[in-house]
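Any read-out appearing in this document is the output of simple, stated calculations on the displayed coordinates, not a laboratory observation. Treat the numbers as computed from the prediction; the structure is a model and nothing was measured. Backbone-built Cβ (ideal geometry, glycine too); neighbour counts: all protein chains shown.
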Amino acid sequence: MAKKILYSGETKKAVDNFPISGETVPLGVIHWLGRIKGAAARVNGELGLIDAELAAKIADAAEQVATGAYDDQFPIDVFQTGSGTSSNMNTNEVLAALSGAHPNDHVNYGQSSNDVFPSAVHLAALDLTTNELLPALRKLEKSFAKKAVKFKDVVKSGRTHLMDAVPVTLGQEFGGYAAQIHLAIERIETALVHVGQIPLGGTATGTGLNTDPKFAGKVIALLKRESKLKQIAPPLDRFEAQANRDALVELSGALKVLAVSLTKIASDIALMGSGPRAGIGEIFLPELQKGSSIMPGKVNPVLPEVVLQVCAQVIGNDTAITIGGMQGQFELNVRIPLIARNLLQSIHLLSTTSAAFAEKCVDGITVNKAGTDASAGNTLAVATALNRAIGYDKATTLVKTAAASGRPLRDVALEQGVDADLYDKTIDLRKIAAGNQKY
């Protein structure tokens, strides 16, 4: 049995006009269009601008749209008119059919696609980031922090330029990863302050033509109260808020920094887990699945590889968002569907990936003590600790001699006149790894 079609002419035109990707507008945006339209109807009814009974019917229908009951009634391709007008009219038509209202005169009263659609995108991004991404990142930070404590006395070779460096602890490295995620959370939370400032009430060009002066403030207060999203607020300036999508570009930029951080972290973890015999082999990663269809017993760093792929996608999405953000003209940015599609995908991917990375990889990492002991004991950079006692030049000679001959650094040092007690007291690997800190 064919489903009942609730939308009408403008939606059908848009479906015919934009057979582009087969990918529709993100449902988060549709649901927030429903919330905004419902709140708008209630406020317009309260202000006596539309019939109170009709306003209640629109609000009831909007609640159903907001909760996903009519997701199949929003078929328009995401690559459509750059203001999102087609999807705004799609929403108006569906709500009109459900409530018996007129799509423009009642459902869209006091609104324009130019202020409502970007508001819905902002709030969808704010909602998804607040309720999915930030909790996932806090979990990932906690996972790294726990490992930092557990690994605090595991000494290994440090590496700079992929070459042996002075010893560090595995805990220090994991503490650094935890801090990277913590700072990413801070950057994202800072951006959300601006994302929450929505252009609602500006109507067509930011002037507020055809809307009651009290309308926007009341709708914003209602949305904030019911969603519990504390950042929802009026903009600093309506013309600024409507003419550009800088806040979304800012959020995407913070997500790009997160992707850069995760790329570094995932690369480190994959390298430290490489082996088991011919790699760095300082940690064991959880064995999640067979690593090869032909090589028996092979285990691959599958979760770090997922992280690296997702981060590449997020960085690519940010490039498109940046270009979309710079291409608004005068009173309106007209690349909003593109920005919405890429930004919400980035938020979703980073949310699911961060959670999986924590649960299926980081939480299960264990130390390969043979590997860490070997790297800590073999790095010739420990000679750095002798600099103050014997000087940089003599320490350099010891290192070069040991490297060329393959002999232990201690044997070479004693042969060249370094006091054994001085050497043994100075070359304390855990002490060297602590640097100038107590341990």
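Some points to look at:
- Extension gain (nm, one decimal) between LYS290 and THR67, 0.36 nm per residue minus Cα-Cα: 76.3 nm
- Local electrostatic count, LEU209, Cβ distance below 13 Å [Lys/Arg +1, Asp/Glu -1]: -2
- On full extension, the segment bounded by THR207 and ASP60 gains 50.0 nm, given 0.36 nm per residue less the C-alpha separation.
- Theoretical ellipticity at 222 nm over the chain - DSSP helices of four or more residues, -39500 (n - 2.57) apiece, nearest 500: -19500 deg cm²/dmol
- LYS142 paired with THR319, simple spin-label distance in nm, labels 7 Å along Cα-to-beta-carbon: 3.7
- Cα long-axis angle, helix 369-378 against the chain (0 to 90 degrees, to the nearest 10): 60
- Charge tally in the Cβ shell below 15 Å around ILE30, where Lys, Arg are +1 and Asp, Glu are -1, ILE30 excluded: -4
- Neighbourhood charge, 11 Å Cβ-Cβ cut-off, centred on ALA320 and excluding it, Lys, Arg +1 and Asp, Glu -1: +1
- Rounded to the nearest 10 degrees, the inclination of helix 392-405 to the longest alpha-carbon principal axis of the chain is 80 degrees.
- The slack between GLU226 and LYS3, meaning 0.36 nm per residue of separation minus the straight C-alpha distance, is 77.1 nm.
- Distance between the C-alpha centres of the stretch 252-268 and the stretch 25-44: 33 Å, rounded to the whole angstrom.
- Shown here: log10 I(q)/I(0) by the Debye sum over Cα atoms at q = 0.08, 0.09 Å⁻¹, derived from the displayed model; of the candidates (1) -0.51, -0.62; (2) -0.67, -0.77; (3) -0.59, -0.69, it corresponds to (3).
- Dipole check for the stretch 9-109: with +1 at the C-beta of Lys and Arg, -1 at the C-beta of Asp and Glu, and the Cα centre as origin, the magnitude is about 140 Debye.
- Based on Cα contacts under 8 Å between residues 6+ apart, the chain shows a relative contact order of 18 percent.
- Förster radius 35 Å - calculated FRET efficiency between THR396 and ALA312, Cβ distance, rounded to 0.05: 0.30
- Among the trypsin sites (Lys or Arg not before Pro) in the stretch 1-58, those located in a DSSP loop and surrounded by at most 16 other Cβ atoms within 10 Å of their own Cβ are LYS3, LYS4.
- Estimated FRET transfer efficiency when R0 is 60 angstrom, pair ALA370-GLU23 (beta carbons, to 0.05): 0.75
- Relative contact order of the stretch 9-109, taken over Cα pairs closer than 8 Å and 6 or more residues apart, is 37 percent.
- Between VAL193 and ASP421, the C-beta separation translates, for a Förster distance of 56 Å, into a calculated FRET efficiency of about 0.40.
- Selection from THR322, GLN437, VAL299 lying farthest towards where the dipole of the chain points positive, charges on Cβ: GLN437
- Given the chain, longest segment not containing exposed loop GluC sites (Glu not before Pro) (DSSP; at most 16 other Cβ within 10 Å): 24-286
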